[in-house]
Amino acid sequence: MRHVNHVWFSNLKYINNYSYNSLYILNSVRNFSIDGKNKSSNNKTNIFKKKDTSGALLPAYIPREVEHEWYDWWEGQGYFSPQFKNEKRFSLVLPPPNVTGTLHLGHALTCTIQDVLARWHRMRGERVLWVPGTDHAGISTQVIVEKKLLKERGLTRHDLGREQFLQEVWKWREDKSQAIKEQLRKLGASLDWSRETFTMDAKQCDAVKEAFMRLFEAGLVYRANSLVNWSCVLQSAISDIEVEHRHFSGSTLCKVPGYDDPVEFGVISDFAYKLCDRGSVWINFAVFIVLDGEIVVSTTRIETMLGDVAVAVHPSDTRYTHLQGVHLWHPFQHRKIPLIFDEVVDINFGTGIVELALRPRCDSTVHVDHTTASKLLLFGTGIVELALQPSCYSTVRVDHTTAIKLLLFGTGIVELALQPRCYSTVRVDHTTAIKLLLFGTGIVEVALWFRCDSTVLSDYTTAGKLSLFGTGAVKITPAHDMIDLEVSKRHGLDSISVITEEGRMESNCGVYSGMKRFEARGKLLEDLHTLKLFRGKRDHSVQVPFCTRSEDVVELLLKPQWFIRCKQMAEEAAAAVQDGQLQLEPAYTEKIWYNWLYNNRDWCVSRQLWWGHRIPMYHCQIKDKSTRPHELWVAALSEDHARKKATLQLHLDDNQAHKLIVVQDEDVLDTWFSSALFPFSALGWPDQDQDYRQFYPLSVLETGHDILFFWVARMVMLGARLTHQIPFQKVLLHGILCDAHGRKMSKSLGNVISPENVITGISLEELQQQSHKSVEAGLLSQEECDKAVSGQAKLFPKGIPECGTDALRFTLASHNIKNHQISFDVSECHTNRLLCNKLWQATKYTLMCLDKATPEWPTTDDKHKMSIEQRWVLSRLGAAVAEINTALEKADFHSATQAIRTFLHYELCDIYLESTKLAMKDSVNAPLTCGTLVRCLETTLLCLSPFMPYITEELYQRLPLQSKTDSIMVASYPCTHEWSVWRDEEVESEVQLVLNVVSAIRSLRSRCGTTDTTLTVYVVSKSNNDRQVLDHLLAVMKRLSKCHDIIICTEEPSDVNLSTLVDTVGPNCSVYLTTQVGVFRDDKKWSKKEARLLKELDKLVKRTSSIGYEEKTPSHVQKFQADKVGSFTDASWSVVRVVFTYCDHPDNIPQRHQTVIPRLLTIK
């Protein structure tokens, strides 16, 4: 008997909306009643009665009528638990959905893929275990519950206190867990609910504590002050996956929580630090910054300059080599900061254009009233052969300072207006150093430092080489920047935090203390202007980190956190793939896998939340005046366990032990930590129980490629370390589900679809009402809701039609899941509902045939008495079975569904089933005809069952079969080897010829718009073999084409006239159909076909007629091209002939066709 989830029973008091019956069913599946007593399997089975299928089939397929009752019966029969004693096993876990809300179509995709695999392996007789579960999703769930509390009751979690707030979260969890479970059941997921797991139930809590303790004792867990991603709104550190880096290419205003006015991003500001150890030093033209006694630095976060502890330059930068040991004066903190030298600095930092070498050449310079027109050619890195034509107006020269308006025209930059302003022009030996600020479209407020060498002035024409230099100086703020922190450690610098957890300026910030960080930004800029230290602001391309949960700007804050050392574990995970222990599919993800593992950082697992696993670390301290203080951190399963361990490690006697103060860390673990244990903790680890021994490692781990690092890699790292085994043999990654337009599904776009809306259908009004309810629940803002409602009106103007679970699953599986993106279209899903109806009608017809004849089951010994149609359909079914199994082995579900669709829709229903309508009238042939039909339908249902479990079960139960199991779920899946005996390629080839002829006849009749079955059809073939086949299958042709008069001949019929239609079938066969004159319509399809053929023909003729073609082109290539010309010419003549045969007079020939014949006659 499995461990009972104490969390479930202890929190039943929070379940307000469950009926007694639903609780009874849920617990009976777990073999427990509400009172906790064990229920017998017989009582459990009696809860779910088998659906009554004795009545007649409905006239048409209705999903809701088919899909009800089956799931409960399957579950009651125990089909979802490991059933067989086969040595082969197949195990997997459902990636636990977050209890933040309900499932979306992305979850439905995951569920479909895994259920197809589980059902397929189960039908192959393997012991299948598929474990369900849900994830507590620490930060996400806490945020949603906080929003809900604030919206409904105007309370924060701090108003409630930790214990009461956690009770509210538990209520939310119970409600959402039940909703998720019902969704999974509705999707037909054959999960073993007796093993359902929640990442915070008792067993999981024990596993988390044990895992963390083992890692700590192995020296892989440590505590350190480190920079973490901090959300000021959530008041917690967050993981990298919860950070979205948004790109700003220029000045952009963006709303930030907690601020009334939007905040500007995408700009960089320059300000000066004055030298405080020496005055201005005249070195040479390059060291212009020293001339002013200052160093200019650039930053996108001006508010962090209050925490600057140094300015860094590159050791090889000659502009600063003489300044070793100097200091700069911090204007607001009133202290010295050193100038340090570190190779991390980019010498050209600050230009915005790095190492851009320009060579201007000025021609035809004309001076007229201080107006100059010149042509400049700029050459260099980044801009190659950029021709510019400047037109200069209103040139004013005052004290060597020039203001000019330029209009530049040229390649790549059109109408680029620049406004240069020149300061501090110094001329020494014809060498000029100038600071330019360029203003204009495309390049706005770009600060450039020009150094001009070898300037030659002659007749007002200047040729020179310009190099663009930045200051090469960067500010060092260790407490708020990762790179700066590393630099500070190398140089022994302190770290000064200037931003609090609430996003305000620290108390050490003087007049700025207590100000909001972005308000302090504006105040600092004003004060820099006042002190004349501001040197400009310009657009700058920047990546700003935002919290995906709160939409707040993420701060890097220096905090004491718990970390897991990952280097060694990451190397082991990489080696697992290299050595073949672990297979990644698709294969291209291997490169991404190695790149992340070889470049990962230690994992910060501390989260400043209330909802989650409390970190099992205990601070143990003894304070005794008579002895020196003792303290340490220990990892333990409980406070008592921690006290015992600390007593031993601190060598305390009994008196001292009583004075030991033990306090558990208030933080909780990153949610990904408990998720990383799921493959083995869900099977009972750390206990070595039966599930763990039999089903671990898992056979496969299937999930989305977007969490390859954050979940999959960490499962491999921790699994290998804690269990000494790779947790699964294979990783199957699927793409991200997008809408029909290829856009990622987003609530604000209105394209997020819940699975039940596709299954049951929903009107546009109901869809929009759901969006409004999300606003009331605090899950969407009003702005997002308005966008969603607008998007829904565009995407689903008529709502979403009822499609059913089977159609939804089949649609999701019909795409190549290994693609990076998977587009979902509701209309495609509705088309697959029609496929279900096709299957439904085929079954109705089969049951009708069974009323007329007792089936004779086909065997290979009876091939000699079987009709060619029967041998053909069984051969095609054998091919389909092989293709389906091969596709499922490779997880190419789209290939499997296409093979099923082709056989069911075309080969079984359109061809064989139609052929049986006449054969069933023959009492001699009817039994075998009927038996073959039933066998084909049965096998189709079996092949389709993993994809469409409901309709296949419904129809399977109604068919009288030769051998039958209680459920299609436990029937044997069609085996490639068993069906290979029916393959007959010769028969398939013969029938394919007939099908091609039938297709041509149908096409000709469709073109002329007639349904007359008495028309005479001539099939002309020059091949004796083809004629023999056609003669033999003449009756089949007549039945399938619905033409009573088909004549097989060797020559074109003598009565061909303007009313005869013709089409070609392969190289040796033509079909002639005589009909009434003048019924041809100028069909667009013929026009497109003709245009395409002539276009290709013209290209081929041009290529083969070019000068030197025969001399330069190998003979075998010439022959190949000549054959292609002949083929396209013949095809074009066929189109022309069809058009002409429809016309009773040359004047009726469409105008565009009258030029075709002369063109074709010119082709040799």
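The values are calculated or read from the model by the stated rules, or taken from the named source; none is laboratory data. Bear in mind that the values here come from a model prediction, so they are computed numbers and not experimental data. Cβ: placed from backbone, ideal geometry, glycine included. Neighbour counts: every protein chain shown. Side chains included, ligands, DNA and RNA excluded: accessible areas come from the protein's heavy atoms. Shrake-Rupley method; radii C 1.70, N 1.55, O 1.52, S 1.80 Å.
Considering 1004, 995, 961, 955, which residue is open to solvent by less than 40 Å² (accessible area, probe 1.4 Å), touching a residue at least 24 places away in the same chain (Cβ under 8 Å) and assigned to a loop (DSSP other than H, G, I, E, B)?
961
Please go through (1) without any contact (Cβ under 8 Å) to a residue 24 or more places away in the chain; (2) crowded, with 22+ Cβ neighbours inside 10 Å for residue 731 and return the number of the only condition it doesn't satisfy.
(1)
Let me spell it out: the conditions are (1) open to solvent by 40 Å² or more (accessible area, probe 1.4 Å); (2) at pLDDT below 90, and residue 871 meets all of them except one. Which number is the exception?
(2)
Return the residue satisfying two criteria in turn: it lies in the stretch 911-932 and is assigned to a helix (DSSP H, G or I) and of a type in the set (A, V, I, L, M), and of such residues it is surrounded by the fewest Cβ atoms within 10 Å (Cβ to Cβ).
918
State yes or no: is residue 616 open to solvent by less than 60 Å² (accessible area, probe 1.4 Å), over 30 Å from residue 783 (Cβ atoms), touching a residue at least 40 places away in the same chain (Cβ under 8 Å) and not hydroxyl-bearing (Ser, Thr, Tyr)?
yes
Within the stretch 545-565, is even one residue over 26 Å from residue 335 (Cβ atoms) and in contact with a Gly (Cβ under 8 Å, 6 or more places away or on another chain)?
Checked against the condition, which is being over 26 Å from residue 335 (Cβ atoms) and in contact with a Gly (Cβ under 8 Å, 6 or more places away or on another chain), the stretch 545-565 yields at least one hit.
Scan the stretch 1018-1037 for residues that are open to solvent by less than 70 Å² (accessible area, probe 1.4 Å) and either part of a loop (DSSP other than H, G, I, E, B) or farther than 15 Å from residue 1065 by Cα (or both) and jot them down.
1023, 1033, 1034, 1035, 1036
Assigned to a helix (DSSP H, G or I) and either open to solvent by 20 Å² or more (accessible area, probe 1.4 Å) or of a type in the set (D, E, K, R) (or both): is that true of residue 633 in this structure?
Judged against the criteria, residue 633 is not a match.
Does the stretch 1121-1142 include one or more residues that are charged (D, E, K, R), surrounded by 12 or more Cβ atoms within 10 Å (Cβ to Cβ), touching a helix residue (DSSP H, G or I) at 6+ places or on another chain (Cβ under 9 Å) and at pLDDT 65 or above?
yes
I'm trying to understand the selection: among the residues of the stretch 582-592, which are modelled with pLDDT under 95 and open to solvent by 90 Å² or more (accessible area, probe 1.4 Å)?
Hits for the stretch 582-592 are 588, 591.
Between 860, 939, which is touching a residue at least 12 places away in the same chain (Cβ under 8 Å), open to solvent by less than 20 Å² (accessible area, probe 1.4 Å) and hydroxyl-bearing (Ser, Thr, Tyr)?
Criteria check complete, one pass: 939.
Do we have residue 1010 as open to solvent by 70 Å² or more (accessible area, probe 1.4 Å) and over 30 Å from residue 900 (Cβ atoms) here?
No: the conditions fail for residue 1010.
Kindly indicate whether any position in the stretch 179-192 is open to solvent by 40 Å² or more (accessible area, probe 1.4 Å), under 26 Å from residue 668 (Cα atoms) and without any contact (Cβ under 8 Å) to a residue 40 or more places away in the chain.
No, the stretch 179-192 has no match at all.
When you go through 154, 138 one by one, which is the residue that is at positive phi and outside the structural domain of residue 892 (by the TED database)?
Residue meeting the stated conditions: 154.
Which numbered condition in (1) out of contact with any Ser or Thr (no Cβ under 8 Å at 6 or more places or on another chain); (2) buried (at least 19 other Cβ atoms within 10 Å of the Cβ); (3) within 21 Å of residue 676 (Cβ to Cβ) is the only one that residue 218 fails?
Residue 218 satisfies every listed condition except (2).
Please name all residue pairs, on different chains or six or more residues apart, with Cβ atoms under 9 Å, provided the first residue is in the stretch 1013-1041 and is in the same structural domain as residue 918 (by the TED database) and the second residue is at pLDDT 85 or above and surrounded by fewer than 20 Cβ atoms within 10 Å (Cβ to Cβ).
Here the result reads none, with nothing in the stretch 1013-1041 linked to a residue that is at pLDDT 85 or above and surrounded by fewer than 20 Cβ atoms within 10 Å (Cβ to Cβ).
Only one of (1) part of a strand (DSSP E or B); (2) buried (at least 22 other Cβ atoms within 10 Å of the Cβ) fails for residue 226. Which number is that?
(2)
I'm checking my understanding of the structure. Among residues of the stretch 636-680 that are within 47 Å of the chain's Cα centre (by Cα) and of a type in the set (Asp, Glu), which one is surrounded by the most Cβ atoms within 10 Å (Cβ to Cβ)?
Out of the qualifying residues, it is 670.
Can you name the condition, by its number, that residue 599 falls short on among (1) within 26 Å of the chain's Cα centre (by Cα); (2) among the polar types (S, T, N, Q); (3) under 29 Å from residue 163 (Cβ atoms)?
(3)
In the stretch 701-724, how many are open to solvent by 10 Å² or more (accessible area, probe 1.4 Å), under 15 Å from residue 93 (Cβ atoms) and at pLDDT 95 or above?
2
Here's the yes/no breakdown for (1) in contact with a Pro (Cβ under 9 Å, 6 or more places away or on another chain); (2) in a loop (DSSP other than H, G, I, E, B); (3) surrounded by fewer than 20 Cβ atoms within 10 Å (Cβ to Cβ); (4) modelled with pLDDT of 95 or more:
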{"position": "83", "(1), (2), (3), (4)": "no, yes, yes, no"}
{"position": "90", "(1), (2), (3), (4)": "no, no, no, yes"}
{"position": "103", "(1), (2), (3), (4)": "yes, yes, no, no"}
{"position": "109", "(1), (2), (3), (4)": "no, no, no, yes"}
{"position": "113", "(1), (2), (3), (4)": "no, no, no, yes"}
{"position": "118", "(1), (2), (3), (4)": "yes, no, no, yes"}
{"position": "130", "(1), (2), (3), (4)": "no, no, no, yes"}
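Mind checking whether some residue in the stretch 608-627 is part of a helix (DSSP H, G or I), among the hydrophobic types (A, V, I, L, M, F, W, C) and outside the structural domain of residue 710 (by the TED database)?
no
List the number of the failed condition for residue 769; all other conditions in (1) without any contact (Cβ under 8 Å) to a residue 24 or more places away in the chain; (2) surrounded by 15 or more Cβ atoms within 10 Å (Cβ to Cβ) hold.
Here residue 769 meets the rest and fails (2).
For the stretch 734-766: of the residues being in a helix (DSSP H, G or I) and of a type in the set (A, V, I, L, M), which is most open to solvent (accessible area, probe 1.4 Å)?
749
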